[in-house]
There are 2 protein chains.
Amino acid sequence: MAPREPRAAPAVAEENTREKILEAAGEVFADQGFEGATIRAITERAGVNVAAVNYHFRDKAELYNRVVLDACSVSAAMQKTMAEAVGSPEARLRSLVYHFMEYLLDPTRPDWRRKLKAREMANPTAALDELVEKNLRPLREEFLLPTLGELTGGCFSRKELSYIASSVMSQCLYFLQYQPIIERLNPDYYTPGKWNIEEIADHVTRFSLAALRELTRQARRS
Amino acid sequence: MAPREPRAAPAVAEENTREKILEAAGEVFADQGFEGATIRAITERAGVNVAAVNYHFRDKAELYNRVVLDACSVSAAMQKTMAEAVGSPEARLRSLVYHFMEYLLDPTRPDWRRKLKAREMANPTAALDELVEKNLRPLREEFLLPTLGELTGGCFSRKELSYIASSVMSQCLYFLQYQPIIERLNPDYYTPGKWNIEEIADHVTRFSLAALRELTRQARRS
DNA sequence: TAAAATGTCAAACAATTGTTTTAAATGAAT
DNA sequence: ATTCATTTAAAACAATTGTTTGACATTTTA
């Protein structure tokens, strides 16, 4: 029997069984993937009964969906800081890049969220659609593209701007998705788990702004 | 269900069972991942018996290893074209980007290689070490970093150059790894499965060269 | 030609999978 | 105290998993 709407206060003592499952499932799914993770591994780590998953969530698939959406949902805090971004287009781009990277790499949160995002992007399920529509597309359409348009003074078509936006976003995403490669390729100045977000965001912004300035200059010349 | 094959003569000569398994395993592993793929799905697609996998390969794990290493090995052709790259640093960077993207996206080969690479990078096994050491590091150390050094006239430290190299590579890798996102984000000018490598490589090169030129100019000014 | 070797197959194996069932607790409402 | 929905737990379920078995057919070897 499925749990009904919280009409009244939760009957039995701990509502935390559900939360314990979500937390444990995040770790196991990130490590083993959807197929590799077993309900028994999840419930064991959570210290609850096997049947709890099918009770609190319809089945394994819905549990996975819930976990992915929770892990990928952009925090309200970031939404706000981006919406509030003011000042010169350069400053706005810098703020955008910084907060996007902060969202991607957030070192204050357990690392399984990063793994799960990477896994989902490399091997998408239905959850990716929501991730794109709710997080990435608004970021791009409402903040990134307009800002890039300003920075280039309307010199470029939408398609060209789209490519440029990809170049900016790709640099941010690189440090999320390719962490296993970066660890191997740059062991000299990369210490695992400790991202220098400030430094990375600074480079990405500088590199991108430099490209934009030069591209605009070239476009104006012709 | 006994399709009753026409007494297919199985004997010593038929080495192609092994090849059929490898090909089918590539597709299934790319689609379902290691855990999600079942030996029965593989052998069914290959049109061979279930026991064939355990006969020709020790077990499922060894089959996966064999498939991944085959898929990720860089072609000798690309090694050669990169080694032969001559001309101005700008031309060399362009050639580098183009051939790297060609290696990543190679549309003449079945798409499961791309998927498998993406999967491996997001969720590395021991095979990733070989991929990095044999493919990515030589590319970076022998071709990318020296070329970038020339283009910036020695204005930057190794660490700064390393960041710049990351920016260039990230743009290339983006179109490999984030294909599911690109499909959703840019349905207007992206047609699934048909990459315009020429166009993408052209943009990446132009964007990167523009950034390098402006960055160098700024560095010289101070 | 006889015997060993090789490759393939259907069938069965033991283990594990996600899920369901059944029953026992628990706390709030009557 | 009784009722009742909600939550947990143990056991059983049917299906699927990777792997092994043993027989059969073919080739190679001697």
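The values are calculated or read from the model by the stated rules, or taken from the named source; none is laboratory data. Note that this is a predicted model, so its numbers are computed, not measured. Please note: Cβ atoms are built from the backbone with ideal geometry, for glycine as well, and neighbour counts cover all protein chains shown. Keep in mind that these areas ignore ligands, DNA and RNA; they rest on the heavy atoms of the full protein, side chains included. Shrake-Rupley method; radii C 1.70, N 1.55, O 1.52, S 1.80 Å.
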Which condition breaks for A:Ala122 when tested against (1) within 12 Å of chain B (Cβ to nearest Cβ); (2) at pLDDT 85 or above; (3) open to solvent by less than 50 Å² (accessible area, probe 1.4 Å)? (2)
For A:Ala51, the lone unmet condition from (1) of a type in the set (Gly, Ala, Ser); (2) open to solvent by 40 Å² or more (accessible area, probe 1.4 Å); (3) more than 8 Å from DNA strand C (Cβ to nearest atom) is (3)
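For residues in segment B:54-97 being in a loop (DSSP other than H, G, I, E, B) and under 15 Å from B:Gly26 (Cβ atoms), which is least open to solvent (accessible area, probe 1.4 Å)?
Only one residue fits best here, namely B:Phe57.
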Can you run down the residue pairs with Cβ atoms below 6 Å, 6 or more apart or on separate chains, where the first is in segment B:35-64 and without any contact (Cβ under 8 Å) to a residue 60 or more places away in the chain and small (Gly, Ala, Ser) and the partner is within 11 Å of DNA strand C (Cβ to nearest atom) and part of a loop (DSSP other than H, G, I, E, B)? none
Yes/no for A:Arg114 being farther than 27 Å from B:Trp195 by Cβ, assigned to a helix (DSSP H, G or I), within 11 Å of chain B (Cβ to nearest Cβ) and touching a residue at least 24 places away in the same chain (Cβ under 8 Å): yes
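Within segment B:53-68, how many residues turn out to be aliphatic (A, V, I, L, M) and within 9 Å of DNA strand D (Cβ to nearest atom)?
Taking segment B:53-68 first, the residues aliphatic (A, V, I, L, M) are B:53, B:61, B:63, B:67-68.
Now narrow it down to the ones that are within 9 Å of DNA strand D (Cβ to nearest atom): B:53, B:61, B:63.
Going through segment B:53-68 one residue at a time, the tally reaches 3.
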Those residues of segment A:126-160 which are open to solvent by less than 50 Å² (accessible area, probe 1.4 Å), under 11 Å from A:Leu215 (Cβ atoms) and part of a helix (DSSP H, G or I) amount to A:Leu148, A:Leu151
Looking at (1) more than 8 Å from chain B (Cβ to nearest Cβ); (2) crowded, with 18+ Cβ neighbours inside 10 Å; (3) among the basic types (Lys, Arg), which is the one condition that is false for A:Arg184? (1)
Only one of (1) without any contact (Cβ under 8 Å) to a residue 24 or more places away in the chain; (2) surrounded by fewer than 20 Cβ atoms within 10 Å (Cβ to Cβ); (3) part of a helix (DSSP H, G or I) is not met by A:Arg220, so which one is it? (1)
Looking across segment B:187-216 at residues that are facing chain A (nearest Cβ under 9 Å) and not in a helix (DSSP H, G or I), the single one that is surrounded by the fewest Cβ atoms within 10 Å (Cβ to Cβ) is B:Asp188
